[in-house]
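Enquirer: Take a look at the following structure, please.
Only the coordinates and a few stated rules stand behind these numbers; no lab work does. None of the values given here were measured: they were computed from a predicted structure. We place every Cβ from the backbone using ideal geometry, glycine too, and count neighbours over all the protein chains shown.
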Amino acid sequence: MIKYKINLLNIAMAFTAAIALYSCSSSDDSTTKEEDNTPPTISYNYSDVTKVIDFKPAAGQFTNDIPKYVKGDTEEEMKKKALKAISGDKLSMVSLGGFGGYIVVGFDETIKNVEGLRDFKVLGNAFWANSNPNSNATNRGGSCEPGVIMVAYDANKNGVPDEDEWYEIAGSEHTNSETIANYSITYHKPDPNKAPVIDTINKWATDIEYIKWEDNQGQSGYMPKNTYHQQNYFPEWINEDKITFTGTKLPNNAIDESGKGTYWVLYSFDYGYADNAPNNDDESAIDINWAVDRAGKKANLPGVDFIKIYTGVNQQAGWLGETSTEVSGVIDLHKAKVTIPTR
């Protein structure tokens, strides 16, 4: 009798355990399915960049500061500092200075061109304005400092971007009548012994005739020095007395919406540029299929191994200073398993 009761008890316990196990299993399956259906998210503290091939910022208020130049640093040492800033999982950023300043980066793996999807993001520090004095503004804006993006596929597998392998990402302003192709600008090294020219109205400027520049459109002017950044604005590891940059100049995007020089809004272009929209915005993502050659013909690249980013505007925004593209990394969206449809 006791044995019979024990058997019944064992059966009951086994049955209860089976139900519990089934319930647990069902719950786990349900949870797993929910997790599988959750879209992956991107960590904006990680970059797929593994090499900096070239780094040449233009004159700018953050040049020699982001990354930090130390007296005696060579071009190679500054490239190493740039790589440390925009690779791995402890990102900071690099500033490219005024128009034309650039960085060229590479990767361990080709970023694939997947039809119908955007393929990579260039990380920057763009953000939307919390408020805008112009309540009728239709475009999104805030601090958007657009950089032109060029891409190259290593067709001959020599490990470097050859000059004939570069193609431009044709963003939204590519056919804008105000966009200037083959725009060139030259910046002159400032004379440290020159007396600063003070503007009694604009108190933010400590020298309104600091760095002289001229372009191939017959224009010239000065990049002012502001009170917020007092280091040398000309890249100190460059020995030449002047530096010249050539590329596609985008329309100016900065507007003094206050009318008094106190509230500048840098408006975002629709798509296709670096540092033009916040990192978590889909319009910061790039489709390799947007790449075109100098004649505007589609490049039809299978992927990209190298990316060049350069500041795409030549403008001053009052006390904000020159518009300078910042870069903090590049993310391969396919490696990150993030799907963003193209336009």
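Enquirer: List the longest stretch of the chain that has no exposed loop site; here a site is one of the GluC sites (Glu not before Pro) assigned by DSSP to anything other than H, G, I, E or B, with at most 10 other Cβ within 10 Å.
Expert: Within the chain, the longest run free of exposed GluC sites (Glu not before Pro) spans 1-114.
Enquirer: Just add up the charged neighbours of P196: K/R +1, D/E -1, any other residue whose Cβ is under 13 Å from the Cβ of P196.
Expert: -2
Enquirer: Measure off 7 Å from each Cα along the Cα-to-Cβ vector at I340 and A295, then give the distance between these two points in nanometres to one decimal.
Expert: If labels sit at I340 and A295, their model points lie 3.1 nm apart.
Enquirer: Return V313, V122, V114 ranked ascending by Cβ neighbour count within 10 Å, so the fewest neighbours appear first.
Expert: V114, V313, V122
Enquirer: Taking R0 as 25 Å, what's the FRET efficiency between D191 and W319 from their Cβ-Cβ distance, rounded to 0.05?
Expert: So, using R0 = 25 Å, E works out to roughly 0.55.
Enquirer: Can you classify the chain as rounded, prolate or oblate using the Cα gyration tensor, where a ≥ b ≥ c are the square roots of its eigenvalues, rounded means a/c under 1.5, and otherwise it's prolate if a/b beats b/c and oblate if not?
Expert: The shape class here is prolate.
Enquirer: Then there's this: For the chain, what's the relative contact order in percent, using C-alpha pairs closer than 8 Å and at least 6 residues apart?
Expert: About 30 percent, as a whole number.
Enquirer: For E115 and D73, compute 0.36 nm times the residue count separating them, minus their Cα-Cα distance, and round to one decimal in nm.
Expert: 10.8 nm
Enquirer: OK, next. Could you work out the local net charge near E165, counting Lys and Arg as +1, Asp and Glu as -1, over the other residues with Cβ closer than 13 Å to its Cβ?
Expert: The answer is -4.
Enquirer: Hey, another quick one. Per residue of the chain, what 222 nm ellipticity follows from adding -39500 (n - 2.57) for every DSSP H run with n ≥ 4, rounded to the nearest 500?
Expert: The per-residue figure over the chain is -5000 deg cm²/dmol.
Enquirer: Also, quick follow-up: Taking the Cα atoms only, what angle lies between the long axis of helix 2-36 and the longest principal axis of the chain, rounded to 10 degrees?
Expert: On a 0 to 90 degree scale, this one is about 20.
Enquirer: At 7 Å along Cα-to-Cβ for each site, give me the label-to-label distance between K260 and S43 in nm.
Expert: 4.6 nm
Enquirer: Along the Cα→Cβ direction, 7 angstrom out, place labels at D162 and D54. What is the inter-label distance in nm?
Expert: Placing both labels 7 Å beyond Cα along the Cβ direction yields 1.6 nm.
Enquirer: Which ³J(HN,Hα) values, rounded to whole Hz and listed in residue order, are derived for the stretch 69-85 from phi using the Karplus coefficients 6.51, -1.76 and 1.60 in 6.51 cos²θ - 1.76 cosθ + 1.60 with θ = phi - 60°, glycine and proline given as x?
Expert: Once θ is set to phi - 60°, the couplings for the stretch 69-85 become 8, 10, 3, x, 4, 9, 4, 5, 5, 5, 5, 5, 5, 5, 4, 4, 6 Hz.
Enquirer: Work out from phi, with θ = phi - 60° and the Karplus expression 6.51 cos²θ - 1.76 cosθ + 1.60, the ³J(HN,Hα) of each residue of the stretch 299-313, listed in order in whole Hz, and give x for Gly and Pro.
Expert: 7, 6, 7, x, x, 9, 10, 9, 9, 10, 10, 9, 4, x, 10
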